[in-house]
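One structure below.
The values are calculated or read from the model by the stated rules, or taken from the named source; none is laboratory data. Small disclaimer: the values here were computed from a predicted structure and weren't measured. We place every Cβ from the backbone using ideal geometry, glycine too, and count neighbours over all the protein chains shown. Areas reflect the complete protein model, heavy atoms only, side chains present, ligands, DNA and RNA absent. Shrake-Rupley method; radii C 1.70, N 1.55, O 1.52, S 1.80 Å.
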Amino acid sequence: MAEGWTRRQVLAQATIAAAVYTLDPHELCCGVNAYAQTAGGESFELKKVGDGVWAAVAAVRYKVNSNAAIIETNDGVVVVDSHSKPSAARALYKEIQAVTKKPVKKIINTHFHWDHWQGNEVYAQANPGLEIIASEKMKAALLRPNSGVGGVPFIETQLKNLPGEIAKLKEDIQKAPDAATKARLENNLQQAESYQQELQSLKPAVPNRTVSQTMSLQEGGREIRLMLLGRGHTDGDLYIYLPREKVVATGDAVVDWMPFMNDGYPEDWGQTVGELEKLDIERIIPGHGEPAPKAHLEKFRGYLTDLVAAVKKAGADGMPLDDMKKKIGDDLAPKYEAYFSRYPVGQYRDRVPVNVEAAYNKLVKKM
Ligand SMILES: [Zn+2]
Ligand SMILES: [Zn+2]
């Protein structure tokens, strides 16, 4: 974490969130609840994960940012993902320029969600020849209405929803039980208001190069493999793998907190992560959270497959959804609760009911 969280802060926040806040599933990719303590500015911590390769770990903001991967080549820079807003991409671009003055030649977007591509325009303005690469399916989802929590039409959806969200934050500020809660809400309100302004003038820079199957870029002396391994977090997730450096950037197909499954394919996802595990990997740059060792994949896949099996069984037994949320949450807790609650956001108990519901919709109701 970029911010130092004390255990007491985490507990206090979790208690407040549980007491007064109901999570809206739309906020969860990869959103942060209104009461969370979040960073005041757009900032990233650059962590070296290989020679000329960095994970840019995003500080947690109310209007959340994805991590990025930064890959330096002999003649340029390749950046994976561009966060939720131009101001965040500008902040990272400045950090990149502090480590190398080479031009950013390529942006690769891992998937269509709002918090991974809405900053593309910053790099397009800096370099008119910029290539923006994504999977063919990602680009189709980006341009299609109702793809889920992302895409060009989703910008309008967000703009429609923001006034209500802002009004609710203002109302919550009035009702805040103490100064610390009030300060957190005010910080998040300020973020929501500036986000609204940024969205109003967003110039969506969409991919101008797509891939439909796994291929390798030979990029200034470096091999960058763009891999399509199957459906998971979305249909069209792209994995960016550096075979020599043994580093992979996964977008939200692998995160270091609880996964968001509402636009996902719960049953395929575990298998897809299994495919990823076949690669020779030393470091994972996840879509959110800290860089992780390969062992994280086994835990992440375990959660997905255990969840799917539990929902299928409960569905076959005719268990109502609300009972499922409680029972499966409790049953899987000994294995996963501590592991997936290491951050003040995206925690096990916040998200397990939403994951159960997503899996239930796909596997039992077959929506
Ligand atoms: Zn995300
Ligand atoms: Zn996502």
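Does residue 297 satisfy the criteria of being crowded, with 20+ Cβ neighbours inside 10 Å, aliphatic (A, V, I, L, M) and either out of contact with any strand residue (DSSP E or B) (no Cβ under 6 Å at 6 or more places or on another chain) or not in a helix (DSSP H, G or I) (or both)? Full working, then the answer.
Values: crowded, with 20+ Cβ neighbours inside 10 Å: yes; aliphatic (A, V, I, L, M): yes; either out of contact with any strand residue (DSSP E or B) (no Cβ under 6 Å at 6 or more places or on another chain) or not in a helix (DSSP H, G or I) (or both): yes.
Criteria met by residue 297.
Can you find, within region 274-285, the residue that is nearest to the chain's Cα centre (by Cα) among those that are under 18 Å from residue 51 (Cα atoms) and crowded, with 23+ Cβ neighbours inside 10 Å?
285
Residue 81 is checked against (1) within 16 Å of ligand 2 (Cβ to nearest atom); (2) charged (D, E, K, R); (3) open to solvent by 10 Å² or more (accessible area, probe 1.4 Å); (4) modelled with pLDDT of 95 or more and fails just one. What number does that condition carry?
Checking residue 81 against (1) within 16 Å of ligand 2 (Cβ to nearest atom); (2) charged (D, E, K, R); (3) open to solvent by 10 Å² or more (accessible area, probe 1.4 Å); (4) modelled with pLDDT of 95 or more, the one that fails is (3).
If I filter region 287-322 down to residues being within 16 Å of ligand 2 (Cβ to nearest atom) and touching a residue at least 60 places away in the same chain (Cβ under 8 Å), which single residue comes out as farthest from residue 115 (Cα to Cα)?
If we take residues in region 287-322 being within 16 Å of ligand 2 (Cβ to nearest atom) and touching a residue at least 60 places away in the same chain (Cβ under 8 Å), then 289 is farthest from residue 115 (Cα to Cα).
Out of region 166-191, which residues are surrounded by fewer than 18 Cβ atoms within 10 Å (Cβ to Cβ) and within 20 Å of residue 118 (Cα to Cα)?
The answer is 190, and nothing else.
In region 164-190, which residues are acidic (Asp, Glu) and part of a helix (DSSP H, G or I)?
Of all residues in region 164-190, those acidic (Asp, Glu) come to 165, 171-172, 178, 186.
Matches in region 164-190: 165, 171, 172, 186.
Let me spell it out: the conditions are (1) in contact with a Phe, Trp or Tyr (Cβ under 9 Å, 6 or more places away or on another chain); (2) more than 22 Å from residue 253 (Cα to Cα), and residue 121 meets all of them except one. Which number is the exception?
(1)
In region 98-112, what residues are more than 25 Å from residue 218 (Cβ to Cβ) and either among the hydroxyl-bearing types (Ser, Thr, Tyr) or free of Cβ contacts under 8 Å to residues at least 24 places away in the same chain (or both)?
98
Condition check: closer than 21 Å to residue 253 by Cβ and among the β-branched types (Val, Ile, Thr). Does residue 110 satisfy that?
yes
Here is a check on your reading of the model: is residue 169 more than 16 Å from ligand 2 (Cβ to nearest atom) and in contact (Cβ under 8 Å) with a residue 40 or more places away in the chain?
In short, yes.
Is it true that some residue in region 135-144 is among the hydroxyl-bearing types (Ser, Thr, Tyr), away from ligand 2 (no atom under 16 Å from the Cβ) and either out of contact with any helix residue (DSSP H, G or I) (no Cβ under 9 Å at 6 or more places or on another chain) or touching a residue at least 60 places away in the same chain (Cβ under 8 Å) (or both)?
No, that holds for no residue.
Which of the residues spanning region 96-152 are of a type in the set (A, V, I, L, M, F, W, C), open to solvent by 40 Å² or more (accessible area, probe 1.4 Å) and farther than 16 Å from residue 235 by Cα?
Passing the criteria: 98, 99, 126, 152.
State whether one or more residues within region 147-163 are charged (D, E, K, R), within 16 Å of ligand 1 (Cβ to nearest atom) and at pLDDT 95 or above. Before you say what the answer is, go through the steps one by one.
Taking region 147-163 first, the residues charged (D, E, K, R) are 156, 160.
Still in the running and within 16 Å of ligand 1 (Cβ to nearest atom): none.
Checked region 147-163: no residue is charged (D, E, K, R), within 16 Å of ligand 1 (Cβ to nearest atom) and at pLDDT 95 or above.
Any residue at all in region 341-349 that's part of a helix (DSSP H, G or I) and either of a type in the set (A, V, I, L, M, F, W, C) or buried (at least 22 other Cβ atoms within 10 Å of the Cβ) (or both)?
no
Within region 204-269, considering only strands (runs of 3 or more DSSP E) that don't extend past its boundaries, which have at least 1 residues that are away from ligand 2 (no atom under 16 Å from the Cβ), open to solvent by 30 Å² or more (accessible area, probe 1.4 Å) and more than 25 Å from residue 89 (Cα to Cα)?
Strands (runs of 3 or more DSSP E) meeting the threshold: 215-219.
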